[in-house]
Amino acid sequence: MKLVFFVVAIVASLLALSSADMYMQNPRGSNNRLNENSANRRTANRMFDSQNNNRGGYNVGDRTDKKAGNDQAKQYRMNYFQSGTYLTQVAPNGRTELTVEWTNQHGCGGNEDTDPHKQNCNIVLQYMCQDNSSDFAPDDGITIRAGSSTARSDYSRLSSASLKQAFINRRNSNTRADRGLNEPWVTYDDCTRRERNKGLFTATQQMANKNAAINTRQNRNGNRNGYECPEERDYYPYWHPTVWTDIAILAQNESLCSYYSAESFNSRAKGTCVEQFANNGGRKHFSEANNPAACAAANGVWTEYQSMLELAPQFTTPAACTADHQDGLTYAWGLPYDIVKINAFENIVPACFVRPPPVDCEAAPWSRSNHLGNGKDGVQLNYKWTLPYFPSMNSKRCILRIRYNISTDDYDPYDTDATNNAQSPVQENPLVQVGAAGQDLRLAINTAQFGRTFQDRGHPFTISPRPTGVSNTDHITNLNVRGKRGNIVQTFPATEYDYAPSRPKIEQGDLVHIQWTGSNSHNNGAPGGDGQTGDAGEGTGGTDRHNLLQSGNPDENFPLPIEKVTMFDGVTVGWVASGIDNLSAADIAVILASAGYYQCMETTKCGAEAVDTKAQLQNQLNNAPASFEGIMLRFNTPGTYYYLCTRNNNFTNRSQKG
């Protein structure tokens, strides 16, 4: 049946996803990797369904020059600083911008009537955040973590509904601190029970379980990938509440933006059925009902929740909540989708919360088919994400995901639904007659992938309040590094090293947060799948190392001697990870040249971390940390500055310059 509360029209074109390889390059996409020494990932279904090649992705960062191993506290999480208040966001002042970069295999963008592409496409960027925990990897079913094991989290399903304690016991048994976790256990358990949207076009695909939301045209057998809900993954905008907050939808055509903006969970409440455990046991986290009528028949209450950036518990009445708080945020009084309460089996009651900004919608950047590379302008496909502002000033632990949908015009992408399943307009590997004598030719069509979604996600990162000395109106640009150890063939479909963005452009007085992460286990060893193994590069095998030194021109491969460095003249330090005050231009230069191994020039300023005190830095950075938490610099002198990495800039082999 077609659901009355959602017209299944645009869904088929949206994320009736087929897989066409999508790799996030900055921040580093995991493609379900953890810390494998091999070129291939070990567990393709560890956290999510990527539909990607096994070779893609980057390992989780290591904090030091040693492998983190089983100690997740020794992993490195990129730490970004939040934007200033949204009141300042009509202009660049106040923004913290992070350049998200990716490659997608089958092309996208430029799909106007005057410039048609070979397929329809959409790219969706979303994030999920929660208050950061002092415990790096708690043993629970809700806290985001990378894990220390490449194994997938466990899951066992009860055959029928039972008392709340049985669900608590099963959740506690399934979830482990050493397993990676993105979506909470409770949302997947709900997905296994909720009736799927039977208004969707499934073509010739027969669902293994005809009722559950874990079964979709692209995932007919209900295969599990971490705790991701397949129906939510495959379709956007989703019609039920979700833990994901929309950042941007990069549409095949800007004419679709009004639809996406209206249907985004950021702007529109979404409904779900709420049932209660017996004996006042609290709110159930699941229901089989997926529409109001079925919910009423199950003695549930159809409830519409709203997406929230975070709660605002300091405002305890509707009037106090919706007053003008002079911070540019939108506060609302209502029912927020509070996954913490759902995970605790507590009822959600009206409260004050901060709404996320509307989803940004624009035309997707152009890329050609059959190519994992740059766009038309010669740089990585990218989107500048303005990081959120959290008024609580709580540090957040987050995950970023990017999804890429391609679909076809061989059937109507907007008006094809379940009513067409009996006589599907597309069949498996059909024969077509062309030429004389009824000659048959076979087309290569898999109806599970005729319209498909690919995905990548980064490793956990944090968003922190701005440090003392950085104001709400300061504009912060993040300067990072992409790529991993190896030559162009060994790293593919990841990339060789480069700065990200490669050519940042800032205004006078802007702050640049220089930070990067790397792994000590990027050996790219066997198994290598359908590519070349090996880790060509400088220094200790398998290790990522970076630094940043000024050079004279982009076509030069020698850094400037320190007495000729001008890049840091007039620079002021907004923040530095070491907390050391009064850093000179020479101190800044040596911090960046040594990847943070040295913290200053002289012992009187930074003690045992000084150049004249600490053991000597190995000349290929082998004893430097793989990750650099960084320094935030305010550039006050206009000019063009060139810089390079001494270890990785290997002329005729690879270039790491900015």
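The values are calculated or read from the model by the stated rules, or taken from the named source; none is laboratory data. No experiment lies behind these values; they were computed from the predicted model shown. Please note: Cβ atoms are built from the backbone with ideal geometry, for glycine as well, and neighbour counts cover all protein chains shown. Ligands, DNA and RNA are stripped out before the accessible areas are found, and what is left, the full protein with its side chains, is counted by its heavy atoms. Shrake-Rupley method; radii C 1.70, N 1.55, O 1.52, S 1.80 Å.
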### Query
Does the range 314-360 come out rounded, prolate or oblate by the C-alpha gyration tensor, with a ≥ b ≥ c the root eigenvalues, rounded set by a/c under 1.5 and, if not, prolate when a/b is larger than b/c and oblate if not?
oblate
### Summary
Note on the chain: contact order normalised by length, alpha-carbon pairs under 8 Å, 6 or more apart, percent, works out to 21 percent
### Query
Based on Cβ point charges of +1 for Lys and Arg and -1 for Asp and Glu, what charge dipole magnitude is obtained for the chain about its Cα centre, in debye rounded to the nearest 20?
1600 debye
## Note on the structure
With the dipole of the range 536-658 defined by +1 on each Lys or Arg Cβ and -1 on each Asp or Glu Cβ, the option from 626, 562, 549 whose Cα lies farthest towards the positive pole is 626
### Message
Suppose we take every Cα in the chain and form the convex hull; what volume per residue is that in Å³?
### Response
172 Å³
### Summary
Non-local residues with an amide H under 5 Å from the amide H of residue 22, with H modelled 1.01 Å from N and Pro and chain starts lacking one, are 455
### Summary
Those trypsin sites (Lys or Arg not before Pro) from the range 477-517 that are DSSP loop and have at most 12 other Cβ neighbours within 10 Å turn out to be 505
### Summary
Given Cβ charges of +1 for Lys and Arg and -1 for Asp and Glu, the option among 266, 247, 201 whose Cα lies farthest towards the positive end of the dipole of the range 187-298 is 201
## Note on the structure
The extension gain from residue 299 to residue 472, computed as 0.36 nm times the residue separation minus the Cα-Cα distance, is 57.4 nm
### Message
Restricting to DSSP H runs of at least four residues, report the calculated mean residue ellipticity at 222 nm for the chain, -39500 (n - 2.57) per run over all residues, nearest 500 deg cm²/dmol.
### Response
-2500 deg cm²/dmol
### Query
With each label point set 7 Å from Cα along the Cα-Cβ vector, what nm distance links residue 603 and residue 280?
7.0 nm
#### Entry: Distance violations [Cα-Cα > 22 Å] among 66/396; 396/605; 384/505
66/396; 396/605
### Message
Give me the one-decimal nm value for the distance between modelled label points at residue 613 and residue 582, 7 Å along each residue's Cα-to-Cβ direction.
### Response
1.5 nm
#### Entry: Set of the range 452-469 residues, backbone N closer than 20 Å to the point 7 Å along the Cα-Cβ line of residue 636
467-469
### Query
Can you list the cysteines of the chain that have no other Cys Cβ under 4.7 Å away?
645
#### Entry: Carbon and sulfur %, accessible surface of the chain computed with the full protein complex present, 1.4 Å
49 percent
### Task
Provide the FRET efficiency to the nearest 0.05 for the residue 172-residue 70 pair, computing r from the beta carbons and using R0 = 30 Å.
0.90
### Task
Could you provide, to the nearest whole Å², the per residue accessible area of the range 541-605 with probe 1.4 Å?
44 Å²
### Task
Over the range 33-178, give the accessible area per residue in Å² for a 1.4 Å probe, as an integer.
39 Å²
### Query
Tell me, what is the FRET efficiency for residue 211 and residue 158 to the nearest 0.05, using R0 = 22 angstrom and their Cβ-Cβ distance as r?
0.90
### Summary
Semi-axes of the range 352-470 from the Cα gyration tensor (sqrt of 5 times each eigenvalue, largest first, whole Å) come to 45, 19, 13
### Linear extension gain, residue 415 paired with residue 557, 0.36 nm per residue minus alpha-carbon span
45.4 nm
### Message
If the only charges are +1 at each Lys and Arg Cβ and -1 at each Asp and Glu Cβ, what is the size of the charge dipole of the range 253-336 around the Cα centre, to the nearest 20 debye?
### Response
280 debye
### Summary
The extension gain from residue 569 to residue 441, computed as 0.36 nm times the residue separation minus the Cα-Cα distance, is 39.2 nm
### Task
Counting other Cβ atoms within 10 Å, keep those with at most 11, restrict to DSSP loop, and tell me which chymotrypsin sites (Phe, Trp or Tyr not before Pro) in the range 613-658 are left.
651
### Query
What net charge is computed for the residues neighbouring residue 300, neighbours being all others with C-beta under 12 Å from the C-beta of residue 300, Lys and Arg scored +1, Asp and Glu -1?
+1
### Message
For residue 310, what residues show an amide H to amide H distance below 5 Å, using hydrogens built from the backbone and excluding near sequence neighbours?
### Response
354
### Summary
Where a ≥ b ≥ c are root eigenvalues of the Cα gyration tensor, a/c under 1.5 meaning rounded, otherwise prolate if a/b exceeds b/c and oblate otherwise, the range 215-325 counts as oblate
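Report D for the range 154-201 in µm² per second (integer): Stokes-Einstein, Kirkwood Rh on Cα pairs, 4 °C, 1.567 mPa s.
105 µm²/s
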### Query
Hey, how many Å between the Cα centroid of the range 393-423 and the Cα centroid of the range 452-485?
26 Å
### Task
Specify whether the C-alpha gyration tensor of the range 386-449 places it in the rounded, prolate or oblate class, a ≥ b ≥ c being the square roots of the eigenvalues: rounded for a/c under 1.5, otherwise prolate if a/b is larger than b/c and oblate if not.
prolate
### Query
Can you tell me the Rg and the Dmax, both Å, for the Cα atoms in the range 463-591?
17.8, 52
### Summary
Check: C-alpha center the range 279-316 vs C-alpha center the range 318-354, spacing in Å is 14 Å
## Note on the structure
Heavy-atom accessible area per residue of the range 376-487, all protein chains kept, 1.4 Å probe, expressed in Å², is 41 Å²
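With N residues in the range 145-271, what two-decimal value do you get for its Cα radius of gyration over 2.2 N^0.38 Å?
Computed over Cα atoms of the range 145-271, the ratio equals 1.19.
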### Message
Quick check: pseudo-label points 7 Å beyond the Cα along Cα→Cβ at residue 133 and residue 434, how many nm apart are they?
### Response
5.7 nm
### Query
Mind checking the dipole of the range 468-512: about its Cα centre, +1 per Lys or Arg Cβ, -1 per Asp or Glu Cβ, Debye to the nearest 20?
260 debye
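Could you give the alpha-carbon Rg of the range 499-573 over 2.2 N^0.38 Å, rounded to two decimals?
1.52
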### Query
Which of the GluC sites (Glu not before Pro) across the range 585-658 are loop residues per DSSP, with 14 or fewer other Cβ within 10 Å?
602
### Hz values of 3J(HN,Hα) by residue in the range 212-217 - Karplus curve (6.51, -1.76, 1.60), Gly and Pro given as x
8, 6, 7, 10, 9, 4
